[in-house]
Ligand code: 5GP
Ligand code: ZN
């Protein structure tokens, strides 16, 4: 999609600090990191969100997780831990509508599912 910023990063048309790229996925540093380690991994093909995922995307999404794992290890957070987050839709605060996984680590995460887990 030509006006999608993550499609443009995937093709190299828009600048980003690219950590890895292959035929299925691209990984790059988040422009506004919220932790010492914060990068994104996207499928090269434009998928708006998890809501639009189909069986045809399974190879790319499998690759997405294995690339996230490898880069998290390269960045040295395998033992301290890290979080993979895929925001989907308005309640989750998705702001870029090209599916992406955030890989966040290097500090304690503020939210645990045990904390304030009641539905309000
Ligand atoms: P979302 O809120 O959709 O889950 O996450 C979008 C993420 O994309 C945010 O963390 C934001 O900082 C990042 N982002 C937005 N625009 C750009 C950009 O042009 N380049 C890069 N590298 N990251 C971006
Ligand atoms: Zn896109």
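Every number in this text was worked out from the coordinates using simple rules, so none of it is lab data. Since the model is a prediction, treat every value here as computed from it, not as a measurement. Methodologically, a virtual Cβ is constructed for each residue, glycine included, from the backbone with ideal geometry; neighbour enumeration extends over all protein chains shown.
If one puts a single equal scatterer on every Cα of the chain and applies the Debye formula without solvent, what log₁₀ I(q)/I(0) results at q = 0.09, 0.22 Å⁻¹?
With no solvent term, the Cα-only Debye profile gives -0.25, -1.36.
Only Cα pairs within less than 10 Å get springs; with that Gaussian network setup on the chain, which residue of 68, 16, 92 has the largest fluctuation?
Between 68, 16, 92, it is 92 that shows the largest mean-square fluctuation.
Using Cα pairs under 8 angstrom and six or more residues apart, how large is the relative contact order of the chain, in percent?
Relative CO of the chain lands at 28 percent.
Mind sorting 11, 88, 26 by how few other Cβ atoms lie within 10 Å of their own Cβ, fewest first?
Arranged by neighbour count, lowest to highest, 11, 88, 26 become 11, 88, 26.
Note the full-extension length gain between residue 21 and residue 51 as 0.36 nm times their separation in residues minus their Cα-Cα distance, in nm to one decimal.
8.4 nm
Springs between alpha-carbon pairs under 10 angstrom, Gaussian network model over the chain: which of 102, 38, 73 fluctuates most?
73
Using only Cα atoms, tell me the angle between helix 58-74 and the longest principal axis of the chain; keep it within 0 to 90° and round to the nearest 10.
With rounding to tens, the tilt is 60 degrees.
Could you check the spin-label model distance between residue 69 and residue 109? Points 7 Å from the Cα along Cα→Cβ, value in nm.
Placing both labels 7 Å beyond Cα along the Cβ direction yields 1.7 nm.
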